[in-house]
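Only the coordinates and a few stated rules stand behind these numbers; no lab work does. The model shown is predicted, which means the values in this text are computed figures rather than measured ones. Positions of Cβ are generated from backbone atoms using ideal geometry, with glycine treated the same way; all protein chains shown enter the neighbour counts.
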């Protein structure tokens, strides 16, 4: 195992869900963590559980702001996590404004963070860049159209960056979970808690900590080992459309 003690880590989308759990897990493993998100109050709460942490309020959709906030910092670890879904309308009935928000966050936001952080990693010839993807980047499902498209894009970016960064000394990885019990569905249904709760009814989803544990595990492999891809499913989820539920 490699130690995370004293390593400088960045986690985007760190104010809740997988991002928050990952920030806490990295901090517990000894890393110095910079939390990035859009909600200052939530970032403060997460940071209170992360010794040696700091936070920056930042919208990853804003290329200039991301470049200004991150490009002059050295990171040993970047967890490129920020993302969301909005709506489940079937094509072509979706809302173009929602499409733009999802695409700008899930694809362009990932690019903005990578562009701001990878050059200094490459110059130092060391570092880990982890994408948090989704099984939706491997399989589609009804009503998932634009969200699935963005997660397929994240997987393509991961694969292409492995080629672009070959020989740089930077390890790249993607962690792609299935259903995780977070605020993801509540955001998707724009605050409708009943619809969000129904997504997980009668089944045991993953916890954010399960995904964070996988991220910590891959980061602590010896330097000559690059765990490129991890796919995590709840035991009761066989595909994006097949979930075994209790009555």
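So here's what we get for this one:
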read-out: Residue satisfying all of: in the range 133-147; within 16 Å of the chain's Cα centre (by Cα) and assigned to a helix (DSSP H, G or I); farthest from residue 238 (Cα to Cα) among these; value: 147
read-out: Within the range 50-132, helices (runs of 4 or more DSSP H) holding 3 or more residues that are over 30 Å from residue 225 (Cβ atoms); value: 63-70, 96-103
read-out: Helices (runs of 4 or more DSSP H) lying entirely in the range 148-247 (those with 3 or more residues that are within 30 Å of residue 95 (Cβ to Cβ)); value: 184-188, 193-199
read-out: Selection within the range 1-35 - under 16 Å from the mean Cα position of the chain (by Cα) and at positive phi; value: 13, 17
read-out: Matching residues, the range 166-177, being in contact with a helix residue (DSSP H, G or I) (Cβ under 9 Å, 6 or more places away or on another chain) and farther than 18 Å from residue 227 by Cβ; value: none
read-out: Scope the range 112-154; condition surrounded by fewer than 19 Cβ atoms within 10 Å (Cβ to Cβ), closer than 21 Å to residue 241 by Cα and touching a strand residue (DSSP E or B) at 6+ places or on another chain (Cβ under 8 Å); matching residues; value: 138
read-out: Subset tally (residues that are within 21 Å of residue 126 (Cβ to Cβ) and touching a residue at least 60 places away in the same chain (Cβ under 8 Å)) for the range 1-24; value: 11
read-out: Within the range 1-35, tally of residues that are surrounded by fewer than 22 Cβ atoms within 10 Å (Cβ to Cβ) and outside any helix (DSSP H, G or I); value: 11
read-out: Test: residue in the range 55-64 that is out of contact with any strand residue (DSSP E or B) (no Cβ under 6 Å at 6 or more places or on another chain), closer than 23 Å to residue 172 by Cα, touching a residue at least 60 places away in the same chain (Cβ under 8 Å) and surrounded by fewer than 21 Cβ atoms within 10 Å (Cβ to Cβ); value: no
read-out: Matching residues, the range 36-49, being over 18 Å from the mean Cα position of the chain (by Cα), in contact (Cβ under 8 Å) with a residue 12 or more places away in the chain and in a loop (DSSP other than H, G, I, E, B); value: 49
